[in-house]
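The values are calculated or read from the model by the stated rules, or taken from the named source; none is laboratory data. Everything numeric here is computed off the predicted structure, so don't read it as measured data. Cβ: placed from backbone, ideal geometry, glycine included. Neighbour counts: every protein chain shown.
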Amino acid sequence: MAMEVVQLQKEMGIPSKCGLEQRPYSPGMWHAFWYGDLNEGLEGAQELYKKVERKVKEKFGIQTKVTLKRACTEMEVRGGPSEKWVYTEADGMLEILLDAFFTKDVHGTPQLAMCQARAYRLWIEEAFSRKDPTVWKYAEKNSFVQPSTTYEDKKLDVAKFPPQPSEWSHKEVEANEQPSGILRLPKN
């Protein structure tokens with residue numbers, strides 16, 4: 001589902017991100033975020049929420065949860081409930097300092113295809129490990145997992161298997177010589 005959310009985010013043209021949730025204290029596997037304009041206040045954020053909720057529920061169904069938050073989870077964990085936050089003079093000074101080092105408007109910058117492909121691959125691998133059934137939409141057509149060979153109904157030529165230790169060659173190995181390959185050849 002994450003890839004469809006990314007597509008929806010692109011279509012909506014609102015600053016956003018989507019990805020795999022790896023924090024142990026956050027429920028769910030996938031999270032998506034849309035960012036409102038700070039200058040529009042709570043009312044603007046609530047309007048954005050209604051717009052995003054309508055689009056998400058149209059595309060993914062009524063059961064898809066959409067919430068409105070003031071800040072990231074880490075800020076709430078460290079700073080307490082956001083409705084009790086007080087913006088101090090020190091916060092303003094820190095913001096001015098950070099603004100001097102970071103570009104504010106980077107949301108229009110497209111993600112490099114190489115970075116997007118890497119993110120999708122990591123999402124698929126993690127979805128496999130977490131048994132997410134939506135992974136099969138992507139793994140079948142873009143599979144990176146070589147299917148295992150099974151032998152329930154096959155005949156085997158035992159000679160093709162790696163030799164057993166009793167069949168190893170008895171080549172002498174000098175004390176300072178490293179044999180090639182993974183196996184150490186035993187001395188006779």
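Exactly one residue out of 135, 77, 86, 66 is in a loop (DSSP other than H, G, I, E, B) and more than 27 Å from residue 13 (Cβ to Cβ), and it is 86. Among the residues here, residue 54 does not qualify as closer than 17 Å to residue 123 by Cα and either aromatic (Phe, Trp, Tyr) or out of contact with any Cys (no Cβ under 9 Å at 6 or more places or on another chain) (or both).
Quick check on this structure: which one of 175, 100, 127, 159 is within 23 Å of the chain's Cα centre (by Cα), small (Gly, Ala, Ser) and either modelled with pLDDT under 80 or not in a loop (DSSP other than H, G, I, E, B) (or both)?
Values: 175 fails: within 23 Å of the chain's Cα centre (by Cα); 100 fails: within 23 Å of the chain's Cα centre (by Cα); 159 fails: within 23 Å of the chain's Cα centre (by Cα).
Just a single option satisfies the conditions, and that option is 127.
Flag: residue 9 matches the condition of being in contact with a Ser or Thr (Cβ under 8 Å, 6 or more places away or on another chain), surrounded by 10 or more Cβ atoms within 10 Å (Cβ to Cβ) and polar (S, T, N, Q).
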